[in-house]
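The structure that follows is given in the form of structure tokens.
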Amino acid sequence: MVKPNHSPKLIAGRLALDFANLIPEAHDLSWQEFVTFLVNSRVVSEDHGQRLEALERSEPIAVDSVLLKILRLRECLRAVFAAVEERRDYPKAWVAPINEILRVTEGHDELVPQGGRWRMEFIARESGLEWLLAAIARSAAELIVEGQTAAVKRCANPACRLFFYDDSRTRQRRWCSMAVCGNRHKVAAFLRRKIGRRHLH
Ligand SMILES: [Zn+2]
């Protein structure tokens with residue numbers, strides 16, 4: 001069953017960054033986790049997600065082969081975005097997995113209203129299962145084209161380090177989420193001050 005919102009929170013503000021944040025370590029991404037991500041980030045509908053999930057049993061070979069591409073794309077995005085965030089150069093070959101997806105997925109752009117503004121959304125034409133990665137590859141390519149000016153950041157909590165796009169007006173956002181890492185930091189700073197004061201007396 002694909003249920004929205006049972007996977008990690010989508011906090012990055014860009015599809016490709018949310019994808020790069022998926023299961024950062026410890027284990028490989030499963031088909032179910034990937035489909036849940038697509039549903040949560042509204043790349044596919046819930047109904048569609050359920051049909052996709054069933055493919056693991058009906059078309060295991062196709063699913064296995066696209067899973068390999070999914071993992072490759074995720075590793076590629078994590079490496080490229082880490083370099084962008086640190087304003088480092090990276091080898092041109094690193095973007096190859098993105099180009100591969102862009103090459104095999106046809107589609108068109110569509111205007112979609114979002115928060116009182118418009119944004120362009122890529123609508124892929126379905127062929128094979130690679131099209132599921134089309135919107136992610138497109139979003140990644142847009143960030144890469146932005147280059148060093150892209151406000152790609154990582155959460156300042158060293159134990160978290162999730163990627164996000166800083167859309168704030170002042171570009172001062174430091175945390176993946178104020179409610180999680182931001183507050184944890186505030187509490188820690190408060191305790192440090194309290195303990196510091198105690199030592200003075
Ligand atoms: Zn965080």
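Per DSSP H run of at least 4 residues, take -39500 (n - 2.57); add these up for the chain, divide by its residues and hand me the 222 nm value, nearest 500 deg cm²/dmol. Write out the running numbers ahead of the final one.
Numbers: 7 runs with 96 residues, N = 201.
Per the formula, -15500 deg cm²/dmol.
Gain in length, residue 79 to residue 160, computed as 0.36 nm per residue apart minus the alpha-carbon separation, to one decimal in nm?
Details: separation 81, 0.36 × 81 = 29.16 nm, distance 1.63 nm.
Working it through step by step, the gained length comes to 27.5 nm.
Next question, about the same structure. Leaving out same-chain residues fewer than 8 places away, which lysines sit with a Cα under 23 Å from that of residue 186?
Output for residue 186: 9, 153, 194.
Using the 4.7 Å Cβ rule, please list in number order the cysteines from the chain without any candidate partner.
Result for the chain is 76, 181, no neighbouring Cys Cβ within the cutoff.
Quick one: 186, 194, fewest Cβ neighbours within 10 Å first, how do they rank?
If I rank by nearby Cβ atoms, fewest first, I get 194, 186.
Which of 58, 38, 81 sits farthest toward the positive end of the charge dipole of the range 30-105, with +1 on the Cβ of Lys and Arg and -1 on the Cβ of Asp and Glu?
It is 81.
Hey, what's the Kirkwood Rh for the chain if you take every pair of different alpha carbons, in angstrom? Mind showing how you got there, number by number?
Numbers: mean 1/r = 0.0541 Å⁻¹.
In the chain this quantity evaluates to 18.5 Å.
With a 10 Å Cβ neighbour count serving as the proxy for reagent exposure, in which order, fewest first, do 170, 36 appear? If you can, show how the numbers build up before the last one.
Working: 170 6, 36 22.
By the 10 Å Cβ count, ascending: 170, 36.
Continuing with this model, one more query. Highest mean first, how do 132-139, 111-118, 67-74 rank when packing is the count of other Cβ atoms within 10 Å averaged over residues? All intermediate terms of the calculation are to be shown ahead of the outcome.
Details: 132-139: 24.5, 111-118: 8.4, 67-74: 18.0.
So the peptides 132-139, 111-118, 67-74, ranked by packing, come out 132-139, 67-74, 111-118.
Cα to Cα, under 22 Å, and not fewer than 8 places away if on the same chain: which lysines meet these conditions relative to residue 69?
Candidates past the 8-residue exclusion: 92.
Report the Cα-based extents of the range 1-120 along its three principal axes, largest first, to the nearest Å.
Result, largest extent first: 42, 40, 31 Å.
Bear in mind that the values in this text are calculations on the coordinates, not laboratory data. Small disclaimer: the values here were computed from a predicted structure and weren't measured. Cβ sites come from the backbone with ideal geometry, for glycine too, and all protein chains shown count toward neighbours.
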